[in-house]
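The values are calculated or read from the model by the stated rules, or taken from the named source; none is laboratory data. Not measured: the values here are computed from a predicted model. Cβ placement follows ideal geometry from the backbone for every residue including glycine, while neighbour counts extend to all protein chains displayed.
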Amino acid sequence: MVVAVLPVLRKVSVALAWGYFFSLLLLRVLWEMIGESHWLLVLTRFAPAPAYFGVLFLIFLFDFLLRRSKSLAPAALSFTFITAVVGSPVLSLGAETAAPELTAVSYNVRAGLAGGEKIGNYLDRQKADIICLQEARAPLAAPKEDPVPILTRQLKGYHRARGGSRGELVTYSKFPILSVEERTLDEKSRLLDVLVETPKGRLRILNVHVIVGSPGGLSGSGLERSAQARHTQAKAMTELAKKGELPTLLLGDFNTPPGSEAYQILSNEFEDCFAEAGFGFGWTFPTRLPAWRIDFIWSRGLRAASCTTGPRELSDHKPVIAKLIWGD
């Protein structure tokens, strides 16, 4: 009986391997042609690369248990596709040779739960010119434990601007602050727009936390609404940036991965510093098992010389650190 079933199982194994590969190709075509208009395409586009690798591993394990090697070719093709398309690695070797002139940090600090002093010590060691924090507000369970006063005491020599929901957006600048405006992106998210005066001229700093929570959660309609919220907010950011010609940095937690429609909208106006001068996957969330790159530093009128991620111990997000050079 077992001997009779084995040939069938082996055919199933090969069919699964090739079927998975062609399904990945079809997804790529649908992402390009239809975008994120259907909840299934939103779910598959935002699913992290490790989830795709997990499915591939199960298919490969099934083939291995059957003592076959017929699935190696489609498995290798699927592995390459997942790595290149879903994982979106950066293999930039075109590093700028000029000395960096400005350092910027973007960090979702998760209400300072790791301790304001620890976070402040880390940020102080970066010697950054610009620091943009998200979720820099008191935790809901302890509304009086605001981490920002502690951070401000430790970050000596910085000017500070604050805004956003419950004051969660905080921008620190070594340069004098000329103006501060809080912009509304939609009914959920706001942006902190800060203008500073640097030795090279005026610089605009946009600090944002894209919030997409909606009724429906992970249901089909909920996924579609969250995708639409990302689109709306990304378009609002680009429209805001178009109103001025100043060199601009856009920093924050965008809750969207590379390749998404919101990412593509932003890339029409800005340069992704990690894509320009980083290396590897650059995954920033969650820190225990990083699987997504959703925290970014975008630039316009500045070039990234390097872009890296920081430690995982101080938040559920990793910080992003970019060293930049003035000029396009």
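Points to keep in mind about this one:
- Neighbours by Cβ (under 8 Å, 6+ apart or cross-chain): first from segment 269-287, outside the structural domain of PRO48 (by TED's automatic domain parsing) and under 15 Å from PRO50 (Cβ atoms); second of a type in the set (Val, Ile, Thr) and at pLDDT below 95: GLY280/VAL90; PHE281/VAL90; GLY282/VAL90
- From the list LEU155, LEU151, LEU169, the one residue that fits, being closer than 20 Å to LYS243 by Cβ and not polar (S, T, N, Q), is LEU169.
- Meets criteria (closer than 19 Å to CYS307 by Cα, assigned by TED's automatic domain parsing to the domain that holds THR198 and charged (D, E, K, R)) for ARG153: no
For (1) outside the structural domain of ALA322 (by TED's automatic domain parsing); (2) farther than 17 Å from ARG190 by Cβ; (3) modelled with pLDDT under 95, each residue gets a yes or a no:
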position: ALA227; (1), (2), (3): no, yes, yes
position: THR232; (1), (2), (3): no, no, yes
position: GLU239; (1), (2), (3): no, no, yes
position: LYS242; (1), (2), (3): no, yes, yes
position: THR248; (1), (2), (3): no, yes, no
position: LEU251; (1), (2), (3): no, no, no
position: PHE254; (1), (2), (3): no, no, no
position: GLY259; (1), (2), (3): no, yes, yes
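- Verdict on PHE285 being more than 12 Å from the chain's Cα centre (by Cα), under 27 Å from SER37 (Cα atoms) and not aliphatic (A, V, I, L, M): no
- Single unsatisfied condition, THR287 versus (1) in a loop (DSSP other than H, G, I, E, B); (2) surrounded by 19 or more Cβ atoms within 10 Å (Cβ to Cβ); (3) of a type in the set (S, T, N, Q): (2)
- Cβ-Cβ under 7 Å pairs, at least 6 apart or on other chains, segment 119-143 side over 19 Å from LYS318 (Cβ atoms), far side at pLDDT 95 or above and assigned to a strand (DSSP E or B): ASP129/LEU102; ASP129/THR103; ASP129/ALA104
- Any chance PRO89 is of a type outside the set (S, T, N, Q), in contact (Cβ under 8 Å) with a residue 40 or more places away in the chain and touching a helix residue (DSSP H, G or I) at 6+ places or on another chain (Cβ under 8 Å): yes
- Annotation note: of ILE265, ILE297, the sole residue that is within 24 Å of ASP186 (Cβ to Cβ) and surrounded by 22 or more Cβ atoms within 10 Å (Cβ to Cβ) is ILE297.
- Selection within segment 315-328 - at pLDDT below 95 and in a loop (DSSP other than H, G, I, E, B): GLY327, ASP328
- Among the candidates ALA49, ALA104, residue that is in contact with a Gly (Cβ under 8 Å, 6 or more places away or on another chain) and over 15 Å from LEU314 (Cβ atoms): ALA49
- Segment 158-191 - residue that is surrounded by 16 or more Cβ atoms within 10 Å (Cβ to Cβ) and small (Gly, Ala, Ser) and, of those, nearest to LEU302 (Cα to Cα): SER173
- Test: residue in segment 198-206 that is closer than 29 Å to TRP283 by Cβ, of a type in the set (Lys, Arg) and touching a strand residue (DSSP E or B) at 6+ places or on another chain (Cβ under 6 Å): yes
- Residues of segment 239-284 satisfying the condition of being of a type in the set (Asp, Glu) and not in a strand (DSSP E or B): GLU239, GLU245, GLU261, GLU269, GLU276
- Yes/no for VAL194 being closer than 20 Å to GLU117 by Cα, crowded, with 21+ Cβ neighbours inside 10 Å and not polar (S, T, N, Q): no
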